[in-house]
1. Over the chain, what relative contact order in percent results from Cα pairs under 8 Å that are six or more residues apart?
2. Using Cβ contacts closer than 10 Å as the measure, can you line up Asp86, Asp140, Asp80 from fewest to most?
3. How large is the dipole of the chain about the Cα centre if only Lys and Arg carry +1 and Asp and Glu carry -1, each at its Cβ, rounded to the nearest 20 debye?
4. Between Ala87 and Trp151, what is the label-point separation in nm under the 7 Å Cα-to-beta-carbon projection?
5. Multiplying the sequence separation of Thr232 and Leu185 by 0.36 nm and subtracting their Cα-Cα distance, what value in nm do you get?
6. Using r as the Cβ-Cβ distance of Ala57 and Ala78, and R0 as 25 Å, what FRET efficiency do you calculate, to the nearest 0.05?
7. Calculated from DSSP H runs of 4 or more alone, at -39500 (n - 2.57) each and per residue, what is the 222 nm mean residue ellipticity of the chain, nearest 500?
8. Taking neighbour counts of Cβ atoms within 10 Å as a proxy for exposure, in what order, fewest first, do Phe62, Phe130 appear?
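All of the numbers you see were taken from the coordinates with simple rules; none came from a lab. The structure presented is a predicted model; accordingly, all values stated were derived computationally and were not measured. Glycine gets a Cβ as well: all are built from the backbone with ideal geometry, and neighbour counts include every protein chain shown.
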Amino acid sequence: MFSGRTITMGVVVALGLTASVAAREERPTGYLTAEATPDALTLVGGPPAEDSPLAAAERAHFLATRAEEGSQRWKQAAADAELFGDAAHISFACAVGKSITVRDTPTLSRMLDRMVMDAARSVAVLKTTFMRPRPMIGHDDAPLCVAREDWMKTNSSYASSNAAAGWAWALVLAELEPAKATPVLLRGREYGENRVICGLHYPSDISAGQTMAAATVARLHADPVFLADLETARAELAAAPPAESCGG
């Protein structure tokens, strides 16, 4: 399914993977080299200063959003923690109205998986440079939409690779299916915001990730392999059956 299994340490860090997990779990390679990845330090810089009013407001927002526990938004935030494969793409498929699966759209599915790695690389330098503690640190009893894991203690909150991936997906899917641009982009925005609902990120982590997603997608449009996959994906999506299990 994937083009390769080599993952750089920066991407491992950005995705919150341990080295052992990265070694045993098959992951795709991205399209872009490190040299071709947009410069996050120049484009978005660092997070709010810890003693700033904005940082204080973000910490308060984390505590306030714990009231979402058990809500439909909370459940969607838990589902949005998935980054690879059919389970990760189902909500975007529902927004597009077309099935996005390994069976029905193999090139598109692989392309979206590869884009996760490019999105992770785009924010990796921010994580290793600023090492912002995640919101739940110091709040051991605060609920999260996913299980607490040891990697959360040391993996930087800034910036969100999940938010970057979701926004990158949304930009490309809106390009492939422009008539569905509004629901697709809304889903991409919510995908990022749900990392805040989940309790794993602050809002500024999300906006930085989404900015880097936009820069990364722009750069991908100069990559010939990506462009070839994009055209194949366009044909696959046009022929795909309607999305299933979308509720409502």
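1. Worked out over the chain, it gives 29 percent.
2. With the fewest neighbours first, Asp86, Asp140, Asp80 line up as Asp140, Asp86, Asp80.
3. So the dipole magnitude of the chain works out to roughly 60 debye.
4. A separation of 1.4 nm, rounded to one decimal place.
5. My answer for the length gained is 14.8 nm.
6. 0.50
7. -18000 deg cm²/dmol
8. Listing Phe62, Phe130 from fewest to most nearby Cβ atoms yields Phe130, Phe62.
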